[in-house]
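Heads up: the structure comes next, in structure tokens.
The values are calculated or read from the model by the stated rules, or taken from the named source; none is laboratory data. All figures in this text were calculated on a predicted structure; none of them were measured in a lab. Virtual Cβ from ideal backbone geometry, glycine too; neighbours counted across all protein chains shown.
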Amino acid sequence: MKRVREARPPSDGAPHVPVLLAEVLTALDLPGRTLAVDGTFGAGGYTRAMLSVDPSVHVLAIDRDPGAIADGAPLVAAAQGRLTLVPGRFGTLDACVRNAGHPQADAVVLDIGVSSMQIDQAERGFSFRHDGPLDMRMERAGRSAADLVNEAEEGELADIIYHYGEERRSRAVARAIVEARRKGRIETTAALAEVVSSVVWADPASGIHPATRTFQGLRIAVNDELGELVQALHAAERILRPGGRLAVVTFHSLEDRIVKQFFSARSGRAAQGSRHLPSLETPAPRSFTAVTKGPVLPTDSETFANPRARSAKLRAVERTDAPAPAPLAVIETLAALPERTGRSARR
Ligand SMILES: C[S@@+](CC[C@H](N)C(=O)[O-])C[C@H]1O[C@@H](n2cnc3c(N)ncnc32)[C@H](O)[C@@H]1O
């Protein structure tokens, strides 16, 4: 799809502008439904909109970032019992729903990735544009990006940067990191960006900063973002009632590939024989049917108003009454580094 490059309008000061909001609401088809799960509460943009669709809707919202949970308290109060906000990971969203006393859910939405607040706050350490501690932990707990950069072996760093960052110069970046850390720990986002920029050159045509892909790779590894996505798709499959909808918004090809493969495998498109060549095998029962035909992209006017929507893709499916099949191994492979799956690195 052709993207139009124009001067940007000034930001309206909103902490996080929800992406593809109207399209998500259409895909979820909420009127008359009872329990909707927002697996990525963030600034509550989707949750607020879902609550306003129909007074019958109760939202169970989840976020792994304690700051997002704390900032959501006023919305919980304003929702007068219709919003339950829980700290946790969307990979266990089925357990979150059951723990809140609900046997099933009518809708699940996931808006994958980081929020504008996380990127814009220098102290969270997600961005090289604002110098801060090299952190990147959404949960503010566990292994930080600084721990990874300063302690991982060169080969592991190269794999992370290549597979999760899609950086072709991953080996050179990993080598430069290991050389730099011999002189002292790399503790800040600016220091890491400088190391990366010494071996990856800026591409004036794309305007992409040389450290962009390395930062993406580290962020995905620190937060196990792809593993969480794989678990969340299966968790949604287990908890949705027949007729319930699942909508997922992704921001890069690694995430979208996982969602696309899961949806096509589970909606039976990959497994079907043609009418000229009927399969002799009993087809696997479909746990989903497609709601969107291919990815739904933001309009040019949305991208103009909110540049962060640029790479967003929405896909949605509807749950059938078939039992949830065994986990889909192929998408677990897509989420893991090659050492863990036996795949050989292609670098
Ligand atoms: C793109 S923002 C969501 C924005 C939200 N839709 C809105 O309109 O305000 C993604 C949010 O998901 C959270 N998140 C990312 N991975 C998560 C996970 N595995 N479990 C729970 N929350 C997660 C992040 O902390 C962040 O707040």
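Some notes on this structure:
Residue-wise test of (1) surrounded by 24 or more Cβ atoms within 10 Å (Cβ to Cβ); (2) within 15 Å of the chain's Cα centre (by Cα).
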| position | (1), (2) |
| --- | --- |
| Thr47 | yes, no |
| Ser52 | no, no |
| Asp63 | yes, yes |
| Pro66 | no, no |
| Phe90 | yes, yes |
| Asp94 | no, no |
| Arg98 | no, no |
| Leu110 | yes, yes |
| Ser116 | no, yes |
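- Sole exception among (1) under 30 Å from Arg98 (Cα atoms); (2) of a type in the set (S, T, N, Q); (3) in contact with a Gly (Cβ under 7 Å, 6 or more places away or on another chain) for Asn223, by number: (3)
- Scope the range 78-100; condition within 27 Å of Asp120 (Cβ to Cβ), of a type outside the set (Val, Ile, Thr) and in contact with a strand residue (DSSP E or B) (Cβ under 9 Å, 6 or more places away or on another chain); matching residues: Ala79, Leu83, Leu85, Pro87, Gly88, Arg89, Phe90, Leu93
- Residue check, Leu85 at pLDDT 95 or above, assigned by TED's automatic domain parsing to the domain that holds Leu35 and either more than 15 Å from the ligand (Cβ to nearest atom) or of a type outside the set (Phe, Trp, Tyr) (or both): yes
- Residue match in the range 261-281 (condition: closer than 16 Å to Ile112 by Cβ and either part of a strand (DSSP E or B) or modelled with pLDDT under 95 (or both)): no
Yes/no matrix, rows are residues, columns are (1) more than 14 Å from the ligand (Cβ to nearest atom); (2) closer than 30 Å to Val196 by Cα; (3) modelled with pLDDT under 95:
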{"position": "Asp65", "(1), (2), (3)": "no, yes, no"}
{"position": "Asp71", "(1), (2), (3)": "no, no, no"}
{"position": "Leu93", "(1), (2), (3)": "no, no, no"}
{"position": "Met136", "(1), (2), (3)": "no, yes, no"}
{"position": "Ala152", "(1), (2), (3)": "yes, yes, no"}
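- Scan the range 17-60 for residues that are assigned to a helix (DSSP H, G or I) and modelled with pLDDT under 95 and the total you get is 0.
- Which numbered condition Ser11 misses (of (1) modelled with pLDDT of 95 or more; (2) away from the ligand (no atom under 14 Å from the Cβ); (3) of a type in the set (S, T, N, Q)): (1)
- Pick from the range 118-134, criterion in contact with a helix residue (DSSP H, G or I) (Cβ under 6 Å, 6 or more places away or on another chain) and surrounded by 16 or more Cβ atoms within 10 Å (Cβ to Cβ), ranking: nearest to Arg319 (Cα to Cα): Gln118
- Among the residues listed as Val248, Val178, Val196, Val173, the single one being out of contact with any Gly (no Cβ under 7 Å at 6 or more places or on another chain), within 16 Å of the ligand (Cβ to nearest atom) and not charged (D, E, K, R): Val248
For every residue, the table says whether it meets (1) among the basic types (Lys, Arg); (2) over 26 Å from Leu254 (Cβ atoms); (3) touching a His at 6+ places or on another chain (Cβ under 6 Å).
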site	(1), (2), (3)
Gly72	no, yes, no
Gly81	no, yes, no
Arg89	yes, no, no
Arg98	yes, yes, no
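- Applying a threshold of 8 Å to beta carbon distances and a minimum spacing of six or more residues, or different chains, the list of pairs starting in the range 44-61 at a residue that is in contact (Cβ under 8 Å) with a residue 24 or more places away in the chain and ending at one that is surrounded by fewer than 18 Cβ atoms within 10 Å (Cβ to Cβ) and in a strand (DSSP E or B) reads Leu60/Val86; Ala61/Val86.
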